[in-house]
Amino acid sequence: MVGSFWWRFVLKLLPTVKQVAICKAGRGYTTLFWIDKWLDQPLLLNFCELYCFINNKEASLQRVHALLEIEHLLRRPQSQEAFHQFSIFQTSLVDRPLPNVEDQWI
């Protein structure tokens, strides 16, 4: 493959770039819901106990937003702390609308 060596090299830098990049979330197709910094800090830092019970830790913002029942994000059983964090998570993030624009990375 032509260019595959260079592309692999560029992709190795992606985690480093994402550590300092901030996403202005739009439709959420390029934003990882738990890992990327699209709010003040990555959600896995705000909901670390809940994050332990997540089924798809690399789900996009769009995919999580499209879920009909947010409970499908989680494996069971949950700890009491994870349940408490889930309650906070539901009230603060679930009904947040996504703008109909592309994600912007800064």
Which ones in the range 65-95 are closer than 21 Å to residue 18 by Cβ and open to solvent by 70 Å² or more (accessible area, probe 1.4 Å)? 65
Members of the range 36-64 that are assigned to a loop (DSSP other than H, G, I, E, B) and open to solvent by 60 Å² or more (accessible area, probe 1.4 Å): 37, 40, 41, 52, 55, 56, 57, 58
Filtering the range 1-29 down to residues that are surrounded by fewer than 17 Cβ atoms within 10 Å (Cβ to Cβ) and not in a helix (DSSP H, G or I) yields 1, 2, 3, 21, 22, 24, 27, 29
Could you list, in sequence order, the residues of the range 63-105 that are touching a residue at least 40 places away in the same chain (Cβ under 8 Å) and over 14 Å from residue 39 (Cβ atoms)? 99, 100, 101, 102, 104, 105
Filtering the range 34-50 down to residues that are among the aromatic types (Phe, Trp, Tyr) and modelled with pLDDT under 90 yields 38
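The values are calculated or read from the model by the stated rules, or taken from the named source; none is laboratory data. Everything numeric in this text was worked out from a predicted model, so none of it was measured. All Cβ positions, even for glycine, are placed from backbone atoms using ideal geometry, and neighbour counts span all protein chains on display. Each accessible area value is taken on the protein alone, full model and side chains, heavy atoms only, with ligands, DNA and RNA left out. Shrake-Rupley method; radii C 1.70, N 1.55, O 1.52, S 1.80 Å.
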